Structure formats: structure tokens, C-alpha cells
Amino acid sequence: MARPAHDRARHPADPERSIAALVNRLHDALGPEVEGFGTALRTDPPVSIRINPAKWRNAPETDPVPWCAHGRYLAERPAFTFDPLLHAGAYYVQEAASMLIEQAVQASGLADERILALDLCAAPGGKSTHLRDLLHPDALLVSNEVNGERRSVLKENLWKWGAANVLITGAAPERFGRLEGLFDLVLVDAPCSGEGMVRKDPHALRQWSPSLVEQCTTVQRAVLAQAWNCLRPGGHLIYSTCTWEIGENEARIKELVDDGGEVIAIPSDSASGILATSHLGIAALRCYPHRLRGEGFVLSLLRKPGDRGTMGVMPQEPAHQGTELAWLRPTRSWRTIEQGDELFAIDGSWVRTIETLQRSLSVVSPGIPLAERKAGSWRPHAGLALAQDLDLDRHLILDLDLDQAIDLLRGQSIGAREATGTALATYRGIPLSWLQGAGNRWNNRWPAPWRIRSARPSAPPVSWST
């Protein structure tokens, strides 16, 4: 979801008062539907996940999210933290309405092309992981987050998802504005006043005010100006928020239309409950919790004037033959980039573009984390264990049961006999983490910041673990 731009933690919220205020404010816009809207806000939000098809090929067939091929609803919210498959990147817990960007990508006509794409406000990573799945395997996605704390979460989620051709950056939007006409597709999931999240977060309405909306519109206008400048002529921009405010949605898009942009209608199935609107003459899709199983969400698609042309395939740089690259399947012409004590693998056809981005932006992760320096030599990187291109045939596999996997995720060692060398811990056949042999135990190499630190919750376990 687009992030609400307010401070949620300062004051306790009165949910009923917040709901009543929102119902009153949207009374005219919703008309006779407003009563059902208020009722929906007083119910528990639905629970949904999005499957990683590259990892979890036997995922349970629960209720599908109609607008997302790999979206699934769950009957209740389980204890996700204690499911090793979540940590292995087999799925992402994501609000269903935000999965609607799948329809915008399809409507852009770019899903089957080798393009350069940007997710400008990417944390925590739900839309970036989704966008990476929707794009052609040879496309390159730049996933950006300027806030350092949020960027750490973004990096964790993208590394766990494990896809190749993802570059993570930490730059302010104006840095991208200087890369004029570089990107074929830009996604802006904008900071907003957040009223569409009231059911999940009552603080979103507790701190809503006209001045907050005005503050958000100022930020949105500035971000969109930079996004529009770095978009290639003929390229497409996807814009979304989790607020129903016209001033934060259609009014912002209209400014780009006045600058020559063309609004592209996103096809939708009215039976799914998605509402197609045209406020200020701008086509958009709107999600309301009384009409579908999801939260508040608004989505638009624009095309920049001009001819995008065709991006030619860059010459393949010769693949490296180092030991570290042998840990990956030869799915591409791999090259390596060294940053500090980390070694990354990148697609050789994107070398020149990545070098351009490195000169202009703060690049946190230019590709697949391949190796980390230890005592003067390279050892497999923690992120490599989760990479979709990892060559499993080159590693000793140790498949863990549920209790062992939870112990690993807590940072504990795994008991063994005569354990030596490096092993790859898997859970239900899906790679999870490296283990280092130490005789009577396997030492844990699961990153400390990712460890489970909470006690076992009272929530039920995920249905596929029972």
C-alpha cells in the first residue's frame, strides 16, 4: 500500500469516531452505498498473500484474488512470523487491493518487453516483488527507497524474493529527475493521507486533516514531476495511493495530462467490485472495502507523449568464470560487481546501464548478492541462499523439519554429527539459509537482523503447516 504520510504513534485512536468521521466525509461521494461502507469498516480486514511462483509451486489453492494471478485470500490471519516459507520468500503477505497494479502493467503493454523499470517509492517491497514477477525476465527493475530504515526492510524482502535483475537504490526523487528519459515504466506508489487504511490502522483517520492532505499533495506533486522527467517519451507511469481524496489522485494526474500525458483506461471486471471512475475527466480504478475484499486503493495509468521506440539488446559481456559465479545456474551471462565486502552478480546485458545508475545514484544492491568477504576470501552470501538462480546441484542440502527451521530462524545452531563445510538448509525443499559445519553442530548463518525474536503467538499456524 502507499504509505500514509502521518505519524501514527503519537495519540491513541478512537476507531468508532474515526469511522464515523470518514463515513460523513464520503457521504456525498458514495450516496446510498455509504451505509454499507460504514458497516464494512467495522469488520475485520481480509487476509491475503501473493505466491512466489518461482519458489512455491505447490501452494494451497485457497480463494483467488480476482485481479492477481498469484494472489490468494486466507480464511483467517495466522502466525505468519512462524512460517519458514514466509522467510524463504515463498510468498508475500500483501493487501489484496494493492495487487491491482497487475492490471495496470498489463494495460501498459510492457509486460513482455525487455525494459528498464523504476519503483520510485518502493518500501516495504510488496509492489516491487510483484512488479518484478510481472515484467519480462530480461527486464531490469530499479527499486528505490530514500528512507534508510525502510530501505533495509525493502532490501530484506527483495533478497528473500530472490529474483535476478533487481537493483536497489536509496536516492531522493530529484536524483532520478536528472536521469531524463531513462525509464520505460515508472511506478509511483505515493505517500498519502492514508484514509483508505482506516480498517487496518485507525490512526490513519485519527490524524487526518485538510492540512495533511495539502501537505501530501505538495509532496506528490514534487515526486511526480521527477518521475515524469525520468520517464522515457512514450513510456508509462503507474500512480497509486491508499486514499480516496481526489486532490491526491485525479488532481495530481490532471497536471500531467495538462503537460501532454495521455490517461490509459485500465480494464477491470465490474463483477469484482472495482469501481471505474472519471473524476476531473481522469480515468481511475477505485477500491472500497464494502465493494470488494480489500482496503482503500486508487490507481491510474498514463502514457508520456512521444515515441518510445525499441530498446535494443545490449551486447552480452563475456561471463566471468570465477568460483563464486559457479554457484549460480548459467541462466544468463553473469558478471560480478564488488561493493565493499560484498560481491554481486548481474546480467551482463545491463552492465552499461548499471554503471550509469551507479554514477548517478546511491546503489545499495546492484544485483544478486553472491558472496561476502570472510577472512580474506569469499563465502556464499546469506542472500544467495534465497536467490531463484541458485544452483542447488552444487551444494550439500539439509532439509529441516518445522522445529529445526524455527530454531534456525531464531539464530540457534542445528545439532549434527561430524558436520563440516557449508550446507544449504531448506524447508519443504525451498532454500532458506547457509549452515557452517562445526563437528557436532551446524552453525547458523541466518542474518541476525532477520531473526525471529518474539514468543510463539496465540494466532493459529498457517494452514499448510498442519
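The values are calculated or read from the model by the stated rules, or taken from the named source; none is laboratory data. Given the structure is predicted, the values throughout are model-derived calculations rather than measurements. Every residue, glycine among them, receives a Cβ derived from its backbone with ideal geometry; neighbour counts consider all protein chains shown.
As for region 21-33, it holds at least one residue that is at pLDDT below 95, part of a helix (DSSP H, G or I) and crowded, with 20+ Cβ neighbours inside 10 Å. What are the residues in region 262-278 that are exposed (fewer than 14 other Cβ atoms within 10 Å of the Cβ) and of a type outside the set (Gly, Ala, Ser), if any? Hits for region 262-278 are Glu262, Pro267, Asp269.
Report yes if Glu156 is among the acidic types (Asp, Glu), under 21 Å from Ser98 (Cα atoms) and crowded, with 24+ Cβ neighbours inside 10 Å, otherwise no. Taking the combined requirement at face value, the residue does not satisfy it. When restricted to residues that are of a type in the set (A, V, I, L, M), more than 23 Å from Leu409 (Cβ to Cβ) and touching a residue at least 40 places away in the same chain (Cβ under 8 Å), region 66-93 contains 1. Looking across Gly281, Gly247, Gly294, Gly234, one residue alone is surrounded by fewer than 18 Cβ atoms within 10 Å (Cβ to Cβ), touching a Cys at 6+ places or on another chain (Cβ under 9 Å) and not aromatic (Phe, Trp, Tyr). It is Gly247.
Can we say Ala425 is hydrophobic (A, V, I, L, M, F, W, C), without any contact (Cβ under 8 Å) to a residue 60 or more places away in the chain and over 23 Å from Arg57 (Cα atoms)? When the stated conditions are applied, Ala425 does not pass them. Look at region 253-268: where a residue is more than 28 Å from Cys68 (Cα to Cα) and of a type in the set (D, E, K, R) and a partner is modelled with pLDDT of 95 or more and not in a loop (DSSP other than H, G, I, E, B), sitting 6+ places away or on another chain with Cβ atoms under 8 Å, you get Glu255/Arg221; Glu255/Leu224; Asp259/Trp228. Name every residue in region 347-395 that is in contact with a Leu (Cβ under 7 Å, 6 or more places away or on another chain), surrounded by 15 or more Cβ atoms within 10 Å (Cβ to Cβ) and among the charged types (D, E, K, R), in order of residue number. Result: Asp389, single match.
Taking region 195-212 as the range and being surrounded by 24 or more Cβ atoms within 10 Å (Cβ to Cβ), of a type in the set (Gly, Ala, Ser) and more than 19 Å from Ile253 (Cβ to Cβ) as the test, only Ala204 passes. On the stretch given as region 46-65, residues that are over 16 Å from the mean Cα position of the chain (by Cα), of a type outside the set (Val, Ile, Thr), under 27 Å from Ser268 (Cα atoms) and crowded, with 19+ Cβ neighbours inside 10 Å total 1.
Taking the criterion of being at negative phi and either crowded, with 17+ Cβ neighbours inside 10 Å or touching a Lys or Arg at 6+ places or on another chain (Cβ under 8 Å) (or both), the residues of region 414-429 that qualify are Ile414, Gly415, Ala416, Ala419, Thr422, Ala423, Leu424, Ala425, Thr426, Tyr427. Residues of region 228-284 that are under 25 Å from Ser128 (Cα atoms) and among the charged types (D, E, K, R): Arg232, Glu245, Glu248, Glu250, Arg252, Glu262, Asp269. Of all residues in region 288-313, those satisfying the criterion of being aliphatic (A, V, I, L, M) and either on the phi > 0 side of the Ramachandran plot or part of a loop (DSSP other than H, G, I, E, B) (or both) are Leu292, Met311, Val313.
Check Arg175, Arg150 and return the single one that is in contact with a Ser or Thr (Cβ under 9 Å, 6 or more places away or on another chain), in a helix (DSSP H, G or I), basic (Lys, Arg) and surrounded by fewer than 22 Cβ atoms within 10 Å (Cβ to Cβ). From the options Arg175, Arg150, the qualifying one is Arg175. Of the residues examined, Ala448 is not one that is at pLDDT 95 or above and farther than 21 Å from Pro369 by Cα. A count restricted to region 399-413 and to residues that are in a strand (DSSP E or B) and surrounded by fewer than 19 Cβ atoms within 10 Å (Cβ to Cβ) stands at 1. The residues of region 376-422 that are more than 18 Å from Pro84 (Cβ to Cβ), basic (Lys, Arg) and in contact (Cβ under 8 Å) with a residue 40 or more places away in the chain, listed by number, are Arg379, Arg394. Among residues of region 46-64 that are within 19 Å of Leu135 (Cα to Cα), those with a Cβ under 8 angstrom from a residue that is among the basic types (Lys, Arg) and part of a strand (DSSP E or B), sequence gap 6+ or separate chain, pair up as Arg50/Arg72; Ile51/Arg72.
Matching residues to (1) within 27 Å of Pro289 (Cα to Cα); (2) not charged (D, E, K, R):
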position	(1), (2)
Ser128	yes, yes
Leu140	no, yes
Ala172	no, yes
Arg178	no, no
Leu182	no, yes
Leu185	no, yes
Gly194	yes, yes
Gln207	yes, yes
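Residues that are in a helix (DSSP H, G or I), under 16 Å from Leu424 (Cβ atoms), touching a residue at least 12 places away in the same chain (Cβ under 8 Å) and under 26 Å from the mean Cα position of the chain (by Cα): does region 347-366 have at least one? The answer is no; no qualifying residue exists.
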